[in-house]
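To start, the structure under review is shown below, and the notes come after it.
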Amino acid sequence: MLQVHLDKAGYYISEAKDAETAYKILEGKSFEVVICNIRKIGGGKILEHIKERYGTLPVIMLTGSADVDTAIELMKKGAIDYLTKPIKKDELLIALEIAVEQKRLLEEKSELENKNREYQHGLEQRITERTSKLEEAYSQLKQATFDMVKALSGAIEAKDPFTKGHSYRVSQLSVEIAKRLDFSEEQLEILEYGSLLHDIGKIGIKETILKKPARLTIKEYTHIKRHPIIGEEIIRPVEIFRPALPLIRNHHEHFDGRGYPDGLKGKEINIFARIIAVPDSFDAMTSDRPYRKALTVKEALS
Ligand SMILES: [Fe+2]
């Protein structure tokens, strides 16, 4: 009787007399809906089989009126609907339409979920790629910056050959000190390039004074004491070096306030400037100067 109704309604039908036949037919073709008689072929088993292998395939249970409880039980397990015998044609067709529609919606949903997953995956991949490109660009930029700092620091030494390697040694020692004070990576970087640049202002100091093979006069000393301010002026326009400005300006301040150019005292002096003052003095003492020989390390330390 079902066949007659369904043929007329335009459905193509395959029929199975038992579960095994049903499984074989299901394997061979694609279906939109299964109608399953509970009594005859163990609806529960078939339902399980279908849910497991064909997730979105809807199953309508067919029951006698005595089987209603079983039918409800089976709906809890995933059957989409149940029809009681005798079957009414309209009920059957409506149940079928709903089942087919539900299958369509479920498939659409899973397709959307797949697309969404693919999109998410693609997005993650793109983010990873961009991030690594950015990291690469950043490290290139950082390298370029350091190269520039080294070049600038070389420019000071070209003018004042007695301080050859001075900025580099001061930079290394300053970083070592700061490491022992638990400075952050970022702070260590500021200190590293800042100390390479600390004497950059000497570019603006007369060469005759820098190279004078005797003690400086008061006037000459006053002139040379301008180098921290000149250095600050040279570096100020370079945005990325700004954190090092206080270090450059104040690296000749003294903790007792008798330094220059601002006569700052104690903790008024920028911490980077306070650190660099130590290796700066130490390296100056242990290097030959035009007007005196280098002190020994022991003498310098004392
Ligand atoms: Fe200096």
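A short reminder: the numbers here are calculations on the coordinates, not readings from a lab. Note that this is a predicted model, so its numbers are computed, not measured. So basically every Cβ, Gly included, is an ideal-geometry build from the backbone, and we count neighbours across all protein chains shown.
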**Item:** Residues of the range 180-204 with amide N under 14 Å of a point placed 7 Å along Cα→Cβ from M148
**Value:** 193-194, 197
**Asked** Taking the Cα atoms only, what angle lies between the long axis of helix 271-285 and the longest principal axis of the chain, rounded to 10 degrees?
**Response** 40 degrees
**Message:** Checking the a/c ratio against 1.5 first, then a/b against b/c, what shape does the Cα gyration tensor give for the range 119-187?
**Reply:** oblate
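Percent relative contact order of the range 2-107, based on C-alpha pairs within less than 8 angstrom and at least six residues apart?
Values: 114 pairs, mean separation 25.7, N = 106.
Across the range 2-107, relative contact order equals 24 percent.
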**Prompt:** Cα gyration tensor of the chain, axes a ≥ b ≥ c as square roots of the eigenvalues: rounded (a/c below 1.5), prolate (a/b > b/c) or oblate?
**Reply:** prolate
**Request:** Describe numerically, in nm with one decimal, the distance between label points set 7 Å from Cα along Cα→Cβ at K265 and at E239.
**Result:** 3.9 nm
**Prompt:** Exactly which trypsin sites (Lys or Arg not before Pro) in the range 53-117 are in a DSSP loop and have at most 16 other Cβ atoms within 10 Å?
**Reply:** K77, K88
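Counting only helical runs of four or more DSSP H residues, what would the 222 nm mean residue ellipticity of the chain come to if each run contributes -39,500 (n - 2.57) and the total is spread over all its residues?
Values: 14 runs with 185 residues, N = 302.
Helix contribution divided over all residues of the chain: -19500 deg cm²/dmol.
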**Asked** If you count the DSSP beta bridges with both ends in the chain, what percent of them are antiparallel, to the nearest 5?
**Response** 10 percent
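R0 = 25 Å: FRET efficiency of Y12 with K77, Cβ-based, nearest 0.05?
Numbers: r = 27 Å, r/R0 = 1.08.
Result of the calculation: an efficiency of 0.40.
Given the alpha-carbon gyration tensor of the range 2-107, what are the semi-axes of its equivalent ellipsoid in whole angstrom, ordered largest first, with each equal to the square root of 5 times an eigenvalue? Don't skip to the answer; put the middle values down first.
Working: eigenvalues 62, 59, 42 Å².
The three semi-axes for the range 2-107 are 18, 17, 15 Å.
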**Asked** In Å, what is the Rg of the alpha-carbon atoms in the range 160-301, and how long is Dmax?
**Response** 14.7, 42
**Message:** Given R₀ = 51 Å, what would the calculated FRET efficiency be for S139 paired with R226, taking r from the Cβ atoms and rounding to 0.05?
**Reply:** 0.90
**Prompt:** About its Cα centre, what dipole magnitude does the range 6-153 give when the only charges are +1 on Lys and Arg Cβ and -1 on Asp and Glu Cβ, stated in debye to the nearest 20?
**Reply:** 100 debye
**Request:** Quote the relative contact order of the chain in percent (integer), defining contacts as alpha-carbon pairs under 8 Å separated by 6+ residues.
**Result:** 10 percent
